[in-house]
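The values are calculated or read from the model by the stated rules, or taken from the named source; none is laboratory data. Computed from a predicted structure; not experimentally measured. Backbone-built Cβ (ideal geometry, glycine too); neighbour counts: all protein chains shown. Quick note on the areas: whole protein, heavy atoms, side chains included, nothing else; ligands and nucleic acids left out. Shrake-Rupley method; radii C 1.70, N 1.55, O 1.52, S 1.80 Å.
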Amino acid sequence: TGTTCKNQPLDLVFIVDSSRSVRPEEFEKVKVFLSKMIDTLDVGERTTRVAVMNYASTVKVEFPLRTYFDKASMKEAVSRIEPLSAGTMTGLAIQTAVDEVFTEEMGTRPANFNIPKVVIVVTDGRPQDRVQDVAASAQAAGIEIYAVGVDRADMQSLRIMASEPLDEHVFYVETYGVIEKLTSKFRETFCAANVCALGTHDCQQVCVSDGGSYLCDCYQGYTLNPDKRTCSAVDPCAPGRHECEQVCVSNNGSYVCECYEGHSLNPDKKTCSAMDMCTPGRHDCAQVCLSNDGSYRCDCFEGYTLNPDKKTCSAVDMCAPGRHDCEQVCVRDDLFYTCDCYQGYTLNPDKKTCSRAITSSLVTTEESCKCEAIAALQDSVTSHLEALSAKYILFLTSCRRIKADSRLS
């Protein structure tokens, strides 16, 4: 009883490395360490809850925080854990703890209970994935990380994943055979008076233990108010706080950059470039689109005029008053025109003005020849008619004489 912490409930998750570099007999030492740690803790539904995760190239949740609330059941479950024997994906293991274990559905208590969320990572190797960003994200979510290195463990990786201050969160032992020595160190850590864990503080968001006292802090994107207890959201889009060239949009304590209409965000996610609004599909001009610094206006082909909707075009009446330079008559021809003149006038060589037509009384040589030919024909016909007429008269006279002689005889 004297070795059990009574004053600090935790939501505690052990993440143990069972990669190929951990020999079977060494992994058994790890399980002994877990069992002794469980003996040290004040385990229970309302006190410290414990979960165990096993990882290598893959991650296995051996049991979550909601499964066991007594030491005997926990230790029995620990004894049945088998090594996975593959790579060392420490970042994946921490991310899985955040996503799948530190949830209320899996037994984590609500944030307003102010129960510390704690991870103890035990490894003897170097992570084969990007553990730094994952660990930073977990810590930002309020998870405290202890890193325990054994034998060949990479100290730089341990320091990268552990919470500050590092001298209180990074531990190292030469072999798995002496890992049990860390039990007393964790007992000292977890059994120290912690006002934040006891729930006797009045911090609105984050309580930071400071010896036998505490300080209040805020989540990322918030700032501590002058009362040193409550927090206010920081406006990341306030002048001087962001790097957006045009538009800054606040986003849950952070920000994203956007651009004015007609501009697009460059790959740097900060600056903007004007879009060509006249590319196909971006405008609604019927004929001509004129781009103008991220905007556009519509125009028409020659011979057309822009309608009041500023988008469509209509053919221009080229013969409307004031649009042509014909002196007398304008004749429309599709989108063009030609000039003509009134009856009795003729179009001048300039194709625009007209002059009165001149009627000539003189007969041309050709016309004269035609007239002579016609006259000669008329004379010939007349002569023939006269000759025929004389012959006809003579014939009639002869006929009458013969008729008279026949009567006498």
Can you give the net charge of the other residues whose Cβ lies under 9 Å from the Cβ of Gly91, counting K and R as +1 and D and E as -1?
-1
Filtered trypsin sites (Lys or Arg not before Pro), segment 40-72: DSSP coil and at most 12 other beta carbons within 10 Å
Arg46
Where in the chain are the helices, taken as whole DSSP H runs, whose Cα atoms extend 18 angstrom or more along the long axis and whose Kyte-Doolittle mean reaches at least -0.5?
24-40, 365-408
Distance in nm between Glu76 and Arg401 label points, each 7 Å along Cα→Cβ, equals 17.4 nm
For the chain, report the translational diffusion coefficient in µm²/s to the nearest whole number, using Stokes-Einstein at 10 °C, 1.306 mPa s, and a Kirkwood Rh over Cα pairs.
51 µm²/s
Would you please give the FRET efficiency between Arg159 and Arg130, computed as 1/(1 + (r/R0)^6) with r the Cβ-Cβ distance and R0 = 22 Å, to the nearest 0.05?
0.90
Given the peptides 99-107, 113-121, arrange them by the average over their residues of other C-beta atoms within 10 Å, most packed first.
113-121, 99-107
Out of the total accessible area of the chain (probe 1.4 Å, heavy atoms of protein only), what percent is carbon and sulfur?
51 percent
Filter the GluC sites (Glu not before Pro) in segment 236-296 to those in DSSP coil with at most 14 other Cβ atoms within 10 Å of their Cβ, and list the result.
Glu243, Glu261
Using the alpha-carbon centroid of each, what span in Å lies between segment 87-152 and segment 267-326?
60 Å
What length, rounded to one decimal in nm, is gained on full extension from Arg229 through to Lys60, with 0.36 nm per residue of separation minus their alpha-carbon distance?
56.9 nm
Placing +1 on the Cβ of each Lys and Arg and -1 on the Cβ of each Asp and Glu in the chain, which of Asn348, Leu182, Thr40 has its Cα farthest towards the positive end of the resulting dipole?
Asn348
